[in-house]
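For reference, the structure discussed in these notes is given below.
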Amino acid sequence: MAQSSFKLALQIGATIGQSFRSAVKSSQVQLGQLGASINKLKGQQAAINKFEMAETNVGKARAAYNAAAKEVMKLRKQMAGTEQPSKQLAQSFESAKQKPSVYLGTSQTKGSVTAQSA
């Protein structure tokens, strides 16, 4: 009887051991998949953060462009309102005309805007 109990205990132990090994291997595979998913999500989060930063920068550039364009319009009106603009006014006007082109990635030549080649 002792021998049959011993055989039964060995069979149970072997079955439990095999089940345990199988469970551990399955857990390792799932942990690997989870790690890969986390890394993928981290990459996506980094891309989202980069996009949000770019969106913020575009908003700042838009505000700066609008302010520069208003300054150009103001100086243009001043230039048109006088027959002999001062050197300082003319220089301010020329300088102000260049500011919007910085935000657009363009250069101005004789009053026209042309795209710069990158």
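The values are calculated or read from the model by the stated rules, or taken from the named source; none is laboratory data. As the structure is a prediction and not an experimental result, all values here were calculated from the model. Don't worry about glycine lacking a Cβ; one is built from the backbone with ideal geometry, like all the others, and counts go over all protein chains shown.
Brief remarks on what is shown
- Sub-7 Å Cβ pairs linking a first residue in region 38-61 that is among the aliphatic types (A, V, I, L, M) to a second residue that is surrounded by 10 or more Cβ atoms within 10 Å (Cβ to Cβ) and in a helix (DSSP H, G or I), at least 6 apart or interchain, are Ala61/Tyr103, ordered by first then second residue.
- Members of region 67-118 found to be modelled with pLDDT of 70 or more, basic (Lys, Arg) and over 21 Å from Asn57 (Cα atoms), listed by number: Lys74, Arg76, Lys77, Lys87, Lys97
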